[in-house]
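For reference, the structure discussed in these notes is given below.
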Amino acid sequence: MHKGIRLFLDTADTQQWEHWLPTGLFYGVTTNPLLLERSQVTCSVERLKVLANQAFALKAKEVQLQTWGTTVDSLVKTGKLLAEIDKRVVVKAPITKVGTEAASKLIAEGIRVTLTGVYAIHQVLIAAASGADYVAPYLGRINDLGRNGLEDLAAMQLANVGVGGATRILVASIRSVDDIVLLATQGLNTFTFSPIIAEAFFEVTATNQAADDFEQAARRLEPNNS
């Protein structure tokens, strides 16, 4: 299985990239057409090339861009164009029958793929069988369906380990830092989340107070204060 944590920033807002990527917290960024729409980014290969290059300039190791189309051929065609942008681009495709067939064709050509839109435990096996690099279940949205998302994600992890899958489970739709911690105790190590969750990582009052105390002590000890 893959080792080591990978955190992704889940937004197409380049101002947020500029704010968060320099922290070194994030392995890369993830996007999809809905996120592009929220950030008023045109969904075209040309525009996504510009977007990806901005992320790489900010030291992102990977950028995940979602292909689009209603047929296998259209998904594959756009997926190839996205992959041509840079070898660090990972192409996302929905884990439907059509999306999975398209993903399999892309994978056969050496293109790295994330199968996304996962709501059912067994869908992890689809990704593992197809050889996808990532599979992205939606934790918060699974909860919205009245199920226990944490339990479902833990079961996905067990199933993936059980079949010796090399696919990383990329947990999406995260609404709490605590959920990330709990899933990490179950062996999940790859997460994508919004800038709001990124902020929550650093909202530790005692730590921020300690940092202020250190700074104040340093200033008191400066030579010109003697």
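Values quoted throughout were computed directly from the atomic coordinates according to the rules given, and no laboratory measurement underlies them. These numbers come from a predicted model, not from an experiment. Cβ: placed from backbone, ideal geometry, glycine included. Neighbour counts: every protein chain shown.
Which ³J(HN,Hα) values, rounded to whole Hz and listed in residue order, are derived for the range 56-72 from phi using the Karplus coefficients 6.51, -1.76 and 1.60 in 6.51 cos²θ - 1.76 cosθ + 1.60 with θ = phi - 60°, glycine and proline given as x?
My calculation for the range 56-72 gives 5, 5, 8, 6, 5, 7, 9, 10, 9, 10, 8, 6, 9, x, 9, 10, 4 Hz in order.
What nm value, rounded to one decimal, do you get for the distance between residue 206 and residue 77 when each label is placed 7 Å out toward the C-beta?
Each label point is offset 7 Å from its Cα along the Cβ direction, giving 5.9 nm.
If you consider only alpha-carbon coordinates, what radius of gyration and Dmax does the chain have, in Å?
For the chain, the Cα radius of gyration and maximum Cα-Cα distance read 19.5, 74 Å.
What size of dipole, in debye to the nearest 20, comes out for the chain about its Cα centre when the only charges are +1 on Lys and Arg C-beta atoms and -1 on Asp and Glu C-beta atoms?
Here the size comes out at about 720 debye.
In degrees, nearest 10, range 0 to 90: what is the angle between the Cα axis of helix 97-108 and the longest Cα principal axis of the chain?
Approximately 80 degrees, to the nearest 10.
Rounding to the nearest 10 and keeping the result within 0 to 90°, find how far the Cα-based axis of helix 205-220 lies from the longest principal axis of the chain.
Once rounded, the angle reads 40 degrees.
Just to verify a number: FRET efficiency for residue 145 and residue 166, C-beta to C-beta distance, R0 = 35 Å, to 0.05?
That pair, residue 145 with residue 166, gives E of 0.80.
Would you grab the residues whose amide H sits under 5 Å from the one on residue 171? Only those 5+ places off in sequence or on another chain, please, with H modelled 1.01 Å from N.
The answer is 190, 191, 192.
As I understand it, the dipole of the chain uses +1 on the Cβ of Lys and Arg and -1 on the Cβ of Asp and Glu, about the Cα centre. Which of 94, 4, 188 lies farthest toward its positive end?
Going by the Cα projections, it comes out as 94.
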